Amino acid sequence: MTHEMPAMEFSDLTGRATQNGITVTVNVYRFAGTQDPWTLEVIDQTGWSTVWDTTFASDEDALDAFIEAIEDGDGMRAFLEPSPTLH
């Protein structure tokens with residue numbers, strides 16, 4: 001049996017953001033053809049993905065959450081893949 005991945009609809013707010021030499025891809029998406037809430041995902045330059053565990057009523061709300069995370073945290077560094085822990 002084959003399982004097809006559902007089509008995704010990406011917001012026009014999806015794109016790349018750069019701050020202090022760090023560039024990330026900001027994805028705002030939901031299942032295509034629905035009025036489902038939006039999901040926010042940030043992908044760093046190495047492919048490390050941060051996905052919010054909450055969804056958003058609008059794509060603007062999702063982008064606002066991204067901006068708030070930058071302003072309240074360590075800027076874009078908050079989205080970089082964590083360093084491996086050495087034991």
Residue in region 64-77 that is nearest to the chain's Cα centre (by Cα), counting only those that are open to solvent by less than 60 Å² (accessible area, probe 1.4 Å) and of a type in the set (A, V, I, L, M, F, W, C): Phe66
Search result, residues across region 11-47 that are among the polar types (S, T, N, Q) and either within 19 Å of Glu68 (Cβ to Cβ) or surrounded by 11 or more Cβ atoms within 10 Å (Cβ to Cβ) (or both): Ser11, Thr14, Thr18, Gln19, Asn20, Thr23, Thr25, Asn27, Thr39, Gln45
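The values are calculated or read from the model by the stated rules, or taken from the named source; none is laboratory data. Here the structure is a predicted model, which is why all the values come from computation and not from measurement. Positions of Cβ are backbone-derived with ideal geometry, glycine not excepted, and every protein chain shown enters the neighbour counts. These accessible areas exclude ligands, DNA and RNA; they are computed on the full protein's heavy atoms, side chains included. Shrake-Rupley method; radii C 1.70, N 1.55, O 1.52, S 1.80 Å.
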